[in-house]
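Asker: Just passing along the structure, written as structure tokens.
The values are calculated or read from the model by the stated rules, or taken from the named source; none is laboratory data. None of these values were measured; they are calculated from a predicted model. Here the Cβ is made from the backbone with ideal geometry for all residues, glycine too, and neighbour counts use every protein chain on show. Heads up: the accessible areas ignore ligands, DNA and RNA and are worked out on the full protein's heavy atoms, side chains in. Shrake-Rupley method; radii C 1.70, N 1.55, O 1.52, S 1.80 Å.
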Amino acid sequence: MPDAKTTDVNTLVGLTQEEAHRRAETEGYNEVPEPKKNLVLVFLKKFWGLTAWMLEAVVILSAILGKTLDLYIILALLVLNAILGFVQEVRASKAVETLKQKLRINARVLRDGKWQLVPARELVRGDVVRVRAGDFVPADVKLAEGNLEADQAALTGESLTVPKAPGDLLYSGSIVKSGEATTQVELTGAKTFFGKTTELVQTAKPKLHMEEVISQVVNWLLIIVGATLAVAFIAALVLGINLLNVLSLALVLMASSIPVALPAMFTISMAVGSLELVKRGVLVTRLSAAEDAATMDTLCTDKTGTITKNELTVAGVIPQEGFTEAQVLLWGALASQEANHDPIDLAFLHSAQAKGLKPETWTQKRFIPFDPKTRRTEAEVQNSGESLTVYKGAVNVLAELTGSNLAALTEQAHEYADKGYRTLAVAVKQNGKLNLAGLVALYDPPRPDAGQLISELRNLGIKVKMLTGDALPIARETARQVGLSDAITTSAVFEEAHEKDPLEAGRVADASDGFAEIYPQDKFNIVESLQKKGHIVGMTGDGLNDAPSLKQAEVGIAVASATDVAKGAASAVLTGDGLANIVDLVKVGRMIYQRILTWIFNKVVKTFQIVVFVVAAFLLTHQFVVSAFDVVLLLFMIDFVTLSISTDRARWSPQPDTWDISALVRTSAVIGGLVVLESLGILWLGMSFFHLSGGTAGQASTLNSYSFAILFYFGLLTVFMVRERGHFWESSPSPQLFWITLADMAVVAVLLTVGIPGLPAIAPLATGTVVLMSAFFTFVVNDTIKTALLKAQNRAKVKKELS
């Protein structure tokens with residue numbers, strides 16, 4: 001918590017306008033400064049990175065070799081890729097701006113001896129401010145006069161209101177629930193508790209796993225191309241082949257390996273998934289959240305307002321001798337007033353109404369609201385000629401008022417005290433005699449779906465951890481009610497570990513099922529510690545205190561009742577009550593993962609096929625079987641058409657997914673090796689039976705068209721093989737994927753029959769032969785081997801996890 005600072009200002013006069021202006025100039029306004037990005041630099045950075053470098057290298061190589069058409073096509077791809085990335089980044093989170101908007105309220109300030117309304121932005125240290133019930137506190141202020149109750153749930157996660165007396169600090173962002181007070185501003189802007197939370201939101205940097213995956217895929221594709229080119233250069237030297245021809249070959253291979261459509265595949269898949277999630281009550285505000293939800297293995301969930309209702313409820317009643325539970329509840333309700341919206345009053349009223357006690361049939365003749373000085377409420381009520389005076393308040397206060405034995409009352413309530421429940425006393429004055437009628441325990445109950453949610457998430461392989469600002473007993477009791485263990489760690493224990501050794505903090509966080517007595521910085525550190533342990537972390541919350549950790553987590557989930565700041569920092573917002581939609585987010589996220597995995601699987605197989613096939617054919621025939629133009633055309637006809645995989649009927653996996661690109665490449669290499677051998681066999685068939693041959697240097701030939709057909713049809717048909725982790729017939733593709741692929745195959749068949757510049761016509765029989773043989777090898781031979789490989793891989797993975 002920020003430290004209070006004293007100021008020498010007369011609280012009866014306040015600051016002068018001149019002094020307030022001077023302090024604003026020297027100390028800054030009561031706002032949170034937002035770092036500005038240079039959009040030009042953001043755009044230029046899109047030309048920096050592995051994918052951009054590969055495209056730029058191909059552009060330079062095309063210029064050197066005089067391949068003008070190739071140069072313009074690749075240059076257009078480079079610019080398009082940069083524009084897509086730039087547009088996506090510009091849609092960054094607006095959480096900080098939302099926080100600034102929160103501060104744009106008016107405050108009642110005493111200046112030059114006169115009370116006036118000024119924008120909260122203009123508050124400075126030393127200003128005298130009046131706050132009352134319903135006010136949003138605009139700065140960190142110290143009470144000078146008066147008493148009040150403050151709701152700090154959005155800041156600290158505490159579910160109960162906190163009494164404030166003269167000398168206490170009242171934090172910016174809290175809400176005055178009852179009472180009023182004259183206060184003096186201690187801290188403003190980024191120095192406040194509210195502002196420090198804002199700075200945490202600004203510094204929160206979630207890992208972008210999409211970028212990591214793209215980088216890994218590009219690295220492996222570069223390794224495949226580099227290794228194959230090295231073999232080609234060595235073979236060219238041995239065979240006496242012109243190295244300039246090998247350089248032209250390098251251009252073809254580099255163009256084939258660039259996954260230009262991969263970022264688009266991520267974006268489109270997640271956008272399609274986001275639309276599906278909207279129908280299920282989840283609004284995704286950061287597209288990567290849906291994919292990250294697939295790999296999420298840990299969910300940190302805020303207790304107040306997330307696991308629980310953030311609504312006080314009667315947990316139990318202990319009537320004293322001569323009184324009944326119904327009487328205690330009714331009199332407690334009669335000592336309440338609904339118009340105040342006090343959470344304790346509402347708890348008594350709702351409980352009495354639920355039990356049919358009809359407090360509305362009584363008339364309140366006089367009502368004295370809760371006062372932090374007296375720590376009780378009092379009311380004179382009447383019904384059918386019967387008049388009573390009823391009280392409710394702190395146990396020690398009413399025990400003293402009624403002459404009851406405080407030690408005996410404390411012993412009666414120990415069971416509730418052990419659970420961290422708040423216990424109040426109810427007293428009644430009848431016929432001039434005042435008696436303590438009973439004790440009532442209050443608590444913030446779990447949401448009806450909380451236990452079911454936690455159970456479902458565990459079945460999906462996700463660890464659930466509860467985070468709360470409440471005391472340890474309350475945290476343990478809530479954990480017990482929703483099916484979590486009592487392995488709850490306090491903030492002090494975690495922070496001690498975090499300060500000594502961040503790795504030890506990660507181990508503590510990993511072993512705990514929950515955390516108690518924590519503040520925003522603790523939540524942020526817990527999420528960060530779990531991430532350093534290699535976990536993909538989700539975080540649910542509803543208050544300002546959750547905003548930094550919501551933004552830091554890969555999957556930040558704000559519940560429907562969340563503050564605007566929490567929603568702005570989150571990557572997904574639940575639009576309905578409860579938390580059941582998180583399960584939908586996980587399942588849809590895992591389906592999106594499978595779709596992207598299918599595209600990458602197909603891309604690696606296709607790249608392996610093109611690179612090794614082209615080099616092997618070059619070394620065997622001493623001629624180029626495809627040109628750079630052919631490869632770029634393949635890029636558009638396969639890579640961008642197969643974006644329709646984003647609509648495919650994928651099945652979600654029962655456990656969190658992991659981006660094991662190395663294992664994927666190994667499997668792809670085996671399938672790719674098979675496809676190369678099969679492609680060379682079909683090429684031999686074309687040269688032997690259809691008498692196709694290559695043209696002169698720089699000219700397209702019928703052999704180029706035939707080889708293009710081999711690469712194209714194998715590339716498209718392989719999609720239907722790799723989309724299913726079992727045999728290809730075990731699930732059907734989406735209509736969009738099926739019909740778009742069929743249309744693409746038909747268009748290419750027409751192009752091969754009539755011919756276009758750079759792609760001479762070949763006989764329909766030759767095209768038909770390629771289609772039939774590609775289908776046979778893909779669905780009969782390769783599918784059988786793929787299924788066996790993946791099953792062996794899964795067995796090895798399970799064995800490793802068990803060991």
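Asker: Report the relative contact order of the stretch 315-377, percent, no decimals, based on alpha-carbon pairs under 8 angstrom and at least 6 residues apart.
Answerer: Working: 51 pairs, mean separation 16.0, N = 63.
Answer for the stretch 315-377 is 25 percent.
Asker: Please list, ordered by chain and number, the residues whose modelled amide H lies under 5 Å from the amide H of Leu148; skip anything fewer than 5 residues away on the same chain.
Answerer: Answer set, sorted by chain and number: Lys164.
Asker: Here's something else I'd like to know. Full-extension gain between Trp729 and Ser688, please, as 0.36 nm times their residue separation minus the C-alpha to C-alpha distance. Spell out each step's value before the answer.
Answerer: Values: separation 41, 0.36 × 41 = 14.76 nm, distance 3.42 nm.
Once the chain is fully extended between Trp729 and Ser688, it gains 11.3 nm.
Asker: Output wanted: per-residue J couplings in Hz (rounded whole) for the stretch 669-674, from phi through Karplus 6.51 cos²θ - 1.76 cosθ + 1.60, θ = phi - 60°, x for Gly and Pro.
Answerer: Residue by residue, the stretch 669-674 yields 5, 5, 4, x, x, 4 Hz.
Asker: Label points 7 Å out from Cα along the Cβ direction at Phe86 and Ala271: separation in nm?
Answerer: Once both label points are built, they end up 1.7 nm from each other.
Asker: Give, as ranges by residue number, the residues of the stretch 637-675 whose backbone N falls under 14 Å from the point 7 Å along Cα→Cβ of Thr784.
Answerer: Backbone N within reach: none found.
Asker: What are the aspartates and glutamates whose alpha-carbon lies under 16 Å from the alpha-carbon of Lys46, with same-chain residues fewer than 8 places away excluded?
Answerer: Filter leaves Glu56, Glu89, Glu211, Glu212.
Asker: Amide H to amide H, which residues 5 or more places from Thr301 or on other chains are under 5 Å from it, using H placed in the peptide plane?
Answerer: Amide H neighbours of Thr301, under 5 Å, 5+ apart: Lys465, Met466, Leu467, Thr540.
Asker: Next question. Taking Lys567 as the anchor, which aspartates and glutamates have their alpha carbon closer than 17 Å to its alpha carbon, excluding any fewer than eight residues away along the same chain?
Answerer: Counting by Cα, and skipping residues close in sequence, Lys567 has these aspartates and glutamates nearby: Glu97, Glu199, Asp302, Asp542, Asp546, Glu554, Asp577.
Asker: Once the Cβ-Cβ distance between Ala743 and Lys532 is put in as r, and R0 is 45 Å, what FRET efficiency do you end up with, to the nearest 0.05?
Answerer: Working: r = 48 Å, r/R0 = 1.07.
The pair Ala743/Lys532 has a calculated efficiency of 0.40.
Asker: Hey, with R₀ at 60 Å, roughly what FRET efficiency would Ala76 and Thr410 work out to, going by the Cβ-Cβ distance, to 0.05? Before the final figure, lay out the partial values.
Answerer: Values: r = 79 Å, r/R0 = 1.31.
Taking R0 as 60 Å, the efficiency between Ala76 and Thr410 is 0.15.
Asker: Could you provide, to the nearest whole Å², the per residue accessible area of the stretch 345-397 with probe 1.4 Å? Don't skip to the end; give the middle numbers.
Answerer: On the way: 2770 Å² over 53 residues.
That works out to 52 Å² per residue.
Asker: Additional query: Between Gln623 and Val754, what's the calculated FRET efficiency when r is the beta-carbon distance and R0 is 22 Å? Round to 0.05.
Answerer: 0.35
Asker: Lys373 versus Asp418, label points 7 Å from Cα toward the beta carbon: distance in nm?
Answerer: Computed distance between label sites Lys373 and Asp418 equals 4.0 nm.
Asker: Right, here's the next one. Would you mind checking Lys164/Lys309; Lys164/Lys551; Lys191/Lys551; Lys463/Lys532; Lys309/Lys533 for any pair whose Cα atoms are more than 28 angstrom apart?
Answerer: Numbers: Lys164/Lys309 24 Å; Lys164/Lys551 31 Å; Lys191/Lys551 20 Å; Lys463/Lys532 16 Å; Lys309/Lys533 31 Å.
Exceeds cut-off: Lys164/Lys551; Lys309/Lys533.
Asker: Using the Karplus curve 6.51 cos²θ - 1.76 cosθ + 1.60 with θ = phi - 60°, work out ³J(HN,Hα) for each residue of the stretch 480-489 in order, rounded to whole Hz, and write x for Gly and Pro.
Answerer: 4, 5, 9, x, 8, 7, 8, 6, 9, 9
Asker: Could you run the Karplus curve 6.51 cos²θ - 1.76 cosθ + 1.60 with θ = phi - 60° over the stretch 749-766 and give me ³J(HN,Hα) per residue in whole Hz, x for Gly and Pro?
Answerer: 4, 5, 4, 5, 7, 8, x, 9, x, x, 9, x, 5, 10, 5, x, 4, 5
Asker: What distance in nm lies between label points placed 7 Å from Cα along the C-beta direction at Lys791 and Phe43?
Answerer: 5.5 nm
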